[in-house]
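Each remark here refers to the structure printed beneath this line.
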Amino acid sequence: MRYNVPHKIKQFFFVLLKLSIVVGAVYFIYYKIVENENLEFNKFVAFLKENDVFSLKNSIILIVLSSFNWFFEILKWKHLVYIVKPISFKSALEQSLGGLTASLITPNRIGDYGAKAIYYTKRFRTKIVLLNLLGNMAQMTITTLLGAIGLLLFINHYPIALNYYKIVGVGILIIILGLLVFFGITQKRFKIKGFSVSFIIDFIKSITLKAHGINLSISLIRYLIFSFQFYYLLTLLGVEITYYDAMVIITSMYLLASIVPTISIFDVVVKGSIAVFLFSYIDINEFIILSVTSLMWLLNFVIPSIFGSYFVLNFRLPKPVE
């Protein structure tokens, strides 16, 4: 005998879920800002004031860069969803920022997939998840290509002590893992986000080259914006470095950070640790680098997630996008 849960109880648990997402996000943000062991909050604020980071001019430039970063992310999502059905920029904004808030406390931003999919009726949800995966794959492709170039230039320019025995060992391990993955794919058991690789490949093939081109182009524009913002913050904090030298390290940092599985809220810690290591080769103070990575996190994740909290709290399940 099938038992139907009363509508009011469903609504209660749904409201509880929304509140849990927002409260959880707020708590983790507060914890990472105030209780950060690597960067004392008071010293951090004093350092920013000392360098006049939040003067009117600098504030406007930083806000404009973050706004453009998210403008293109929202535009990319609007373009991707158009493959299934057209939506307004406002709807794309709500889904993107709401997904960001939901993803803060989940590993590898997995919450973003569910949050965006729930805006749609069941017949659209599989494609929405795949489109979200496609958007993330495009961003990862740009990060990998530019990061590989940057890392090769970094290794060629800076004297890094390499243990060749370990490199050979890692290479053998990668080959073994590659063979296992290949075997898994051929056996149709290997899955990404719950979908078989063959299913994902078929879905990617069903999308036009023009759509893929736009997706990659917008991802590249976003990458150039937030990487330049990182460089701009370095200059604000008194670091004398050319754009080329900075980009060699910044692209390497984003590549290395992207391959480390983590919860989104701890992304700042991972990027901070990698950035400190890489920038140490040009003798840049650790505190400056941690300040820059923290500011990047605040500007591009924390502030947008605050707006996203509003959309999460005001979301109504009975009225998904049709």
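Any read-out appearing in this document is the output of simple, stated calculations on the displayed coordinates, not a laboratory observation. On a predicted model such as this, the values are computed, not experimentally measured, just so you know. Positions of Cβ are generated from backbone atoms using ideal geometry, with glycine treated the same way; all protein chains shown enter the neighbour counts.
Structural remarks
- Flagged links, alpha-carbon separation over 25 Å, of K122/K210; K76/K116; K57/K78; K78/K122; K127/K205: K122/K210; K57/K78
- Ranked S258, S219, criterion: other C-beta atoms within 10 Å, fewest first: S258, S219
- Here each label is just a point 7 Å from Cα along the line to Cβ, and for R123 and Y244 those points are 5.7 nm apart.
- Separation in nanometres of the label points that stand 7 Å from Cα toward Cβ, at F68 and Y82: 2.1 nm
- Most tightly packed first, judged by the mean number of other beta-carbon atoms within 10 Å of their residues, the peptides 126-134, 142-150 read 126-134, 142-150.
- In terms of the mean number of neighbouring beta-carbon atoms within 10 Å, the peptides 91-104, 299-312, 42-55, 239-252 order highest first as 91-104, 299-312, 239-252, 42-55.
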